[in-house]
Amino acid sequence: MTGREPKLDNDIFFVCSLIEHIGRTTKNRRADVVSALGKDVLARYLELADIYHCEPVENTAADLIEKHSIINGGFDNTTGDFNVPAVFDIAKVYKRLIVSVAANSGARPVDALIDVYGSWISDKISDYGCSMFYESPEYLYLSYLEGEPIKD
């Protein structure tokens, strides 16, 4: 065992990093970023992530913002009286949830990605004033299935 992540997990992580960076840069909800990019673009970036990740995520995100004319929104989750997690930390949270959803539902990764970002849990994960993004992967997955944060 090499301790390396499966390629697909790493590809999902890369795309989640792009989504998070674009969301922060343009002050858009992550669901809006996913919608602006669309399923075909997301699928292409998942398929070719090992090529695209050779560039800094900031450059690839800037290219996508320009190419898809993603305009600035009003969702700024990086200001407030809390510590803002790094882009890659949040991308890892999303990646784990998307991998769980795809594995347990049989959904294609791009469909699981779109479902997760389009669900209620995306806004909770993106609310850095609460602790949802610190929860365990299992808790996030079970909450996602439940449609709300599960109680202990």
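Which order do Lys7, Lys27 take by accessible area at a 1.4 Å probe, largest first?
Of Lys7, Lys27, the descending order of accessible area is Lys7, Lys27.
Screening the chain for DSSP H helices whose Cα atoms reach 20 Å or more along their own axis and whose mean Kyte hydropathy is at least -0.5 gives 7-26, 30-47, 87-105. Only lysine pairs 8 or more places apart or on separate chains count here, and in the chain those with Cα atoms under 21 Å apart total 14.
With K and R counted +1 and D and E -1, the other residues having a Cβ less than 14 Å from that of Phe88 yield a net charge of -1. Of the residues Ser131, Ser69, Ser100, the one with the largest accessible area comes first in the ranking Ser69, Ser131, Ser100, computed with a 1.4 Å probe on protein heavy atoms.
If a/c stays under 1.5 just call it rounded; otherwise compare a/b with b/c (prolate if a/b is bigger, oblate if not). Do that for region 1-136, with a ≥ b ≥ c from the square roots of the Cα gyration tensor eigenvalues. Cα axes put region 1-136 in the rounded bin.
Could you order Thr60, Thr78 so the one with the most accessible surface comes first? Probe is 1.4 Å.
Output order, biggest surface exposure first: Thr78, Thr60.
The values are calculated or read from the model by the stated rules, or taken from the named source; none is laboratory data. The structure displayed is predicted, hence computed values, not measured ones. All Cβ positions, even for glycine, are placed from backbone atoms using ideal geometry, and neighbour counts span all protein chains on display. The area values use the complete protein model at the heavy-atom level, side chains included, leaving out ligands, DNA and RNA. Shrake-Rupley method; radii C 1.70, N 1.55, O 1.52, S 1.80 Å.
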